[in-house]
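Nothing in this text is a laboratory measurement; each read-out follows from the coordinates by a stated rule. This one's a predicted model, so the numbers in the text were calculated from it and none came from an experiment. When we count neighbours, we look across all protein chains shown, and the Cβ atoms used for this are built from the backbone with ideal geometry, even at glycine.
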């Protein structure tokens, strides 16, 4: 039952702002408990209602598998409300918790997982609930708490699929704690059938590198890179593997091997700019200045606005100097001087931008809170009125309520995109601040190239 498609850890956008939703959900669950009385005087309706409940659950499960988490959670709340004595209520609670987890409503999801563990102790889904709690603890940055759930899960006789999942989160927690030996040991418990096997290999390779076990790290990287590119996510990780292994070879002084790894990152990859710059450095280390110029020219031509292109231009100017093309070097340094404003202007711009970013961040966070209140009220409104036919609850909703629900969902997506753009701007501003002296470096490089050009001219006249 635990979703294995979208479980790769990430910093969730709304995970700390769902207290209001969690509280209303808890009240709703209390209401479910109060209604959980089987009527012994109407046994002839039991079969019909069970069929309707099974139908609702099947639709909710299909919506979950299709990634329609909000629709699935809404249907599951209707199901649990209308059929509190449903024989699969524990499974319904687990699926609802998984939906909320995918919607980044971690506090509400944690309450449901805890409810399964505490109130359905004999349920076969207790281990899935514990795994959900482990995942939430990891996503919240509570590494030690996440490891406690891992230990609890290992006390029984967990299946290998469960070991694959809990070992992954435990290994990642140890990695975050910088305990690389334990990270490697725990990840060894996971099998090749783990849905995270590729990430496990990558994390093991990096951990072994941090432990200075170079040969083992290289062997693990090579094992990762033998995996087929079955989807875009795997392809991105393989590109990351080539880049990391190339960096490793570069640090070891194996520049040919490093360059070979960098060259395996395709043109369409998001890591292509980093690969081109690293390849250029590898060629420079071998004094292959002409080859470096070709690669650096490709970097600037294809990614002119990428932050790595600025570093590439500095290296390109140096490369032109090294082969005696001082006029070309001056052109490159002039371009860098155009890109970078004077240091004081950078400081002023960064300060103003940071103020604007903070103001916008507060506005977005306030709107997120308002949306949480709206969503919690919507969930309550879906279930407050009794219905003669619980299975038709969904079709009896007012059109206005459905429109409002759609509006809230779309606005949440818009807020998420705005916050992503804001974080991107903040990152670019931080880069600007770090590079506030680069104009001076470019001016020095230009002066140096002009001096060498003048010296060459004088020597030629002699």
- Item | Contact order normalised by residue count of region 81-143, Cα under 8 Å, 6+ apart, percent | 29 percent
- Query: For 331, 121, what's the fewest-to-most ordering of other Cβ within 10 Å of each Cβ?
  - Reply: 121, 331
- Message: Can you order the peptides 145-156, 306-317 by their average number of other Cβ atoms within 10 Å per residue, highest first?
- Response: 306-317, 145-156
- Note on the structure: Assertion target for 303, 86, ordered by fewest C-beta neighbours within 10 angstrom first, is 303, 86
- Ranking 115, 74 by Cβ neighbours within 10 Å, fewest first, what do you get? 115, 74
- Note on the structure: Taking 0.36 nm per residue of separation between residue 121 and residue 177 and subtracting their Cα-Cα distance, the length gained on full extension comes to 17.0 nm
- Tensor-based shape of region 242-336 (alpha-carbon gyration tensor, a/c under 1.5 rounded, otherwise prolate or oblate): oblate
- Note on the structure: Under the 7 Å Cα-to-Cβ spin-label approximation, residue 50 and residue 454 lie apart by a distance in nanometres of 9.7 nm
- Query: What ranking do 196-206, 255-265 get when scored by the average of other Cβ atoms within 10 Å per residue, highest first?
  - Reply: 196-206, 255-265
- Given Cα pairs under 8 Å that are at least 6 residues apart, what percent is the relative contact order of region 178-318? 13 percent
- Query: Rounded, prolate or oblate: which fits region 277-331, taking a ≥ b ≥ c as square roots of the Cα gyration tensor eigenvalues, rounded meaning a/c under 1.5, else prolate when a/b beats b/c?
  - Reply: oblate
- Query: Can you pull the percent of Cα pairs in region 166-206 with separation above 14 Å?
  - Reply: 30 percent
- Message: Starting from the 7 Å offset along Cα-to-Cβ, what nm value, one decimal, do you get for the label separation of residue 251 and residue 440?
- Response: 3.0 nm
- Message: Taking a ≥ b ≥ c as the square roots of the Cα gyration tensor eigenvalues, with a/c under 1.5 meaning rounded and otherwise prolate when a/b beats b/c, else oblate, which class fits region 161-239?
- Response: oblate
- Message: Below 8 Å, C-alpha to C-alpha, sequence gap of six or more: please give me the relative contact order for region 223-275 in percent.
- Response: 30 percent
